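Contents: one structure, followed by commentary.
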Amino acid sequence: MAEPLGAGSARSAVITGASRGLGFASATHLYRCGWQVVAAMRSVDTGMARLRTATGAGDDDPRLIGVPLDLTDTESIAACAKAIEESIGAPFALVHNAGISSVGMVEETPLSLWEKMFATNIFGPVALTRALLPGMRKAGRGRIVLVSSQAGVRGMPSTAPYSAVKGALERWGEAMAAEVAPFGIGVSVLVTGTYDTEIITDAGTNDCRDLDGTYARHHRTMDKRGRAAMRIAARAPEKFAAGLARALDSGKPFDKRAVGPDARMLLLANRFLPPTVMHQMTRLMMGIPRFGGLARREDTEHA
Ligand SMILES: NC(=O)c1ccc[n+]([C@@H]2O[C@H](COP(=O)([O-])OP(=O)(O)OC[C@H]3O[C@@H](n4cnc5c(N)ncnc54)[C@H](OP(=O)(O)O)[C@@H]3O)[C@@H](O)[C@H]2O)c1
């Protein structure tokens, strides 16, 4: 077990996917704010070396601990939970940040990617939560944070598996919040805006697009208006980390909040506009042809 920090000193937070991107920025920020950080990641050696450089923490610093975690591997999840409990006991916060994304239409995306999406973004996080909840319940306090996305608020075209998994993540969080609140554990859903990490690049996502195929017309405008605009609008990951730190101070049993102005706008629009209007707005923003615009009538096809 890491050197005890003493009652009432640092609160502890487990952050998954702390090797890079938003998880890395969050681990760095929380450490600087005085938290005890458990950085869970697939490549502990390289990830921890980078985190120590960013934070200035020494190898034996009890406020920065690295644990191996592959969310698609049941044994790795069990070993990770054990390592966490052996080093710090029950964590105060469990931040489910790690995740993968996809780009491509439903027809273009193989089922195997849907399976990987749900294994990484839902089944792994649920398993880790199940392993850590008994200790957190006994401690009688804590917060479980689910990092969602604008794609979890509304299904977004060309990323159906990601939209579906983030929607599922939010429903899981809502259900669990009512279960664990009586034990003093809160649940936060962070509807995350656009941040400058690898996940928003073509190389950092699971790219299934067939740019010359049936959906070429969609991809052409979606790429220009959607993905390119996303890269321009993206904010620094450090801004997300500051938002996460504020969310960890919530005293609410269930807290759903936007992190970033674009996410705030979407939540507002989705609250006040009917689904058909949201559909048309998405279509127009992405430059997708109108209803029936690409339909080929059977009689013409066989003529
Ligand atoms: N950036 C945005 O604009 C944005 C917007 C909305 C929501 N989000 C959400 O924010 C979270 C973090 O994303 P990011 O932007 O930081 O993306 P990122 O830079 O691609 O980082 C993803 C992280 O997840 C980890 N990961 C992937 N598969 C894993 C697995 N099987 N087991 C354990 N860890 C795994 C990666 O670890 P490795 O280094 O080992 O690959 C990496 O640390 C995700 O849940 C994402 O959906 C991001």
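Annotations for the structure displayed:
- Measuring nothing but alpha carbons in region 152-230 and taking Rh as the Kirkwood radius, the Rg to Rh ratio lands at 1.11.
- In the chain, the DSSP-assigned H stretches of four residues or longer account for a calculated mean residue ellipticity at 222 nm of -14000 deg cm²/dmol, using -39500 (n - 2.57) per stretch and the full residue count as denominator.
- Cα centroid of region 96-174 to Cα centroid of region 237-270, whole Å: 17 Å
- Of the residues CYS33, CYS208, CYS80, the one with the fewest other Cβ atoms within 10 Å heads the list, and the complete ranking is CYS33, CYS208, CYS80.
- Extension reserve of the PHE272-GLU238 stretch, reckoned as 0.36 nm per residue once the Cα distance is removed: 9.2 nm
- By the rule of a C-alpha distance below 24 Å, with chain neighbours fewer than 8 residues away ignored, the lysines paired with LYS138 are LYS82, LYS252.
- Computed about the Cα centre, the dipole magnitude for the chain is approximately 1180 debye when only Lys and Arg (+1) and Asp and Glu (-1) carry charge, each at its Cβ.
- Listing LEU113, LEU266, LEU244 from fewest to most neighbouring C-beta atoms within 10 Å gives LEU113, LEU266, LEU244.
- All lysines inside 26 Å of LYS224 as judged from Cα atoms, apart from same-chain residues fewer than 8 positions distant: LYS166, LYS239
- Modelled label positions at GLU115 and ALA139, each set 7 Å beyond Cα in the direction of Cβ, lie 3.5 nm from each other.
- Whole-Å semi-axes of region 4-81's equivalent ellipsoid (Cα gyration tensor): 20, 15, 11
- Equivalent ellipsoid semi-axes - Cα gyration tensor, the chain, angstrom: 38, 20, 18
- Debye intensity ratio in log₁₀ form over the Cα atoms of region 91-185, taken at each q of 0.12 Å⁻¹: -0.41
- Aspartates and glutamates with Cα under 17 Å of LYS256, excluding same-chain neighbours fewer than 8 positions away: GLU170, GLU174, GLU179
- For the pair LYS82 and ARG231, the difference between a 0.36 nm per residue extended length and the Cα-Cα distance amounts to 49.8 nm.
- Here the extension length gained between ALA295 and THR214 equals 28.0 nm, from 0.36 nm per residue of separation less the Cα-Cα distance.
- Relative contact order (percent, whole number), the chain, Cα cutoff 8 Å, 6+ residue spacing: 18 percent
- Taking amide H atoms as placed 1.01 Å from N in the peptide plane, the amide H of ARG11 lies under 5 Å from those of GLN36, each 5 or more residues away in sequence or on another chain.
- Cα-centred dipole magnitude for region 220-303, charges only on beta-carbon of K, R (+1) and D, E (-1), debye, nearest 20: 280 debye
- Residue order, fewest to most surrounding Cβ atoms within 10 angstrom, among LEU267, LEU190: LEU267, LEU190
- Rough spin-label spacing in nm, given labels placed 7 Å along Cα→Cβ, for ALA49 and ALA181: 4.7 nm
Taken together, the values in this text are just the output of simple stated rules run on the coordinates, not laboratory data. Computed from a predicted structure; not experimentally measured. Reconstructed Cβ throughout: ideal geometry from the backbone, glycine too, with neighbour counts over all protein chains shown.
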